[in-house]
Structures are given as structure tokens and as C-alpha cells.
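Inspection log for the structure reproduced underneath, given as C-alpha cells.
Rule-based calculations on the coordinates, nothing more; no lab input. This one's a predicted model, so the numbers in the text were calculated from it and none came from an experiment. Here Cβ is always computed from backbone atoms with ideal geometry, including for glycine, and neighbour counts include all displayed protein chains.
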Amino acid sequence: MEAKLIQILKALSDETRLRILNLLHQGDLCVCELEILLEISQSNASRHLSKLTAVELLRYYKSAKYVYYTINDEMIEKHPFIKQIFNIETAQLEKCQRDNERLAYYKETGYTCDDLKEGKVCFEV
């Protein structure tokens with residue numbers, strides 16, 4: 001248990017991973033959505049998602065041709081301090097605030113992963 005906690009803390013010590021968790025705290029997203037919303041490469045997104053999945057902070061499922069990531073609620077229940085990070089700490093980070101604005105805009109537009117892949121979404125918010 002002690003080693004697992006240390007690995008979780010290490011996973012949480014990266015800004016990009018915090019930004020990913022911040023967005024996923026608001027609902028499931030696929031890799032391509034995270035790439036576009038966070039303005040990171042596919043390989044970068046996959047690397048961070050792998051680390052978060054390895055420590056069981058995230059789970060994933062496949063729907064059609066897309067892989068979606070979701071917060072592992074069981075892990076959040078075991079470590080309530082993680083929820084405080086979502087509810088208090090990330091809200092104060094400028095990049096997370098910007099990410100939240102981009103996510104809200106994306107959801108409002110009704111665009112899909114296919115639209116993202118085709119370059120139809122513009123985030124001038």
C-alpha cells in the first residue's frame with residue numbers, strides 16, 4: 001500500500017497529468033479530445049495516460065474506434081486527498097482554468113471526435 005501511494009503521488013507531480021485529471025474529473029474523454037484540448041501530441045497524451053492508468057487513477061474503455069478514459073472512482077474513494085486536488089487546487093491553476101474553458105466550449109458546440117480529426121473545431125475562446 002505504501003509503495004502504491006508513492007507511485008500515485010509521483011503520477012500527480014506532473015502538470016500535464018494534473019491537467020488531464022482536471023478535464024476527466026468533468027467527464028470521460030477520448031485520447032484525441034485530450035490532445036486537442038490540452039494542445040499536446042498523441043504520443044505525449046498516451047504516455048501520460050499510461051502513467052495514470054498504471055497507478056489505477058484512470059480506467060479506459062473502447063467505444064467504436066475510440067478509446068475513452070475515465071476517473072477510477074474506487075481509487076478516489078481510497079485516497080480522498082485526490083478529490084481535494086480536483087475541487088480546490090486545479091481550479092487555481094491558470095492552465096486548468098483555460099482547459100476548462102476550452103472543454104466547456106467544445107461541449108457547447110456538440111462536435112465529436114470525428115470533427116476533431118477532420119480539423120473542424122477552432123478554440124478561439
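General observations
- Extended-chain gain in nm, criterion 0.36 nm per residue less alpha-carbon gap, D14 and Q97: 28.2 nm
- Rounded Å value of the spacing that divides the Cα centres of the stretch 90-114 and the stretch 19-70: 14
- Here the simple spin-label model places points 7 Å from the Cα toward Cβ, and for V67 and D28 these points are separated by 1.5 nm.
- Here the contact order of the chain, divided by its residue count and restricted to Cα pairs under 8 Å and six or more residues apart, works out to 27 percent.
- Entry note, the chain: the mean residue ellipticity at 222 nm calculated from DSSP H runs of n ≥ 4, each adding -39500 (n - 2.57), is -16500 deg cm²/dmol after division by the residues and rounding to the nearest 500.
- FRET efficiency for the pair T53 and D115, taken as 1/(1 + (r/R0)^6) with r the Cβ-Cβ distance and R0 = 30 Å, rounds to 0.70.
- Spatially near lysine pairs across the chain, Cα under 18 Å, sequence gap of 8 or more or different chains: 10
- A104 paired with E77, simple spin-label distance in nm, labels 7 Å along Cα-to-beta-carbon: 3.1
- Loop-resident chymotrypsin sites (Phe, Trp or Tyr not before Pro) (DSSP state other than H, G, I, E or B) in the stretch 24-125 with no more than 14 further Cβ atoms inside 10 Å of their Cβ: F123.
- Rg to Rh quotient for the stretch 19-61, alpha carbon positions, Kirkwood Rh: 0.91
- On the principal axes of its alpha carbon atoms, the chain extends 46, 32, 22 Å, with the longest extent given first.
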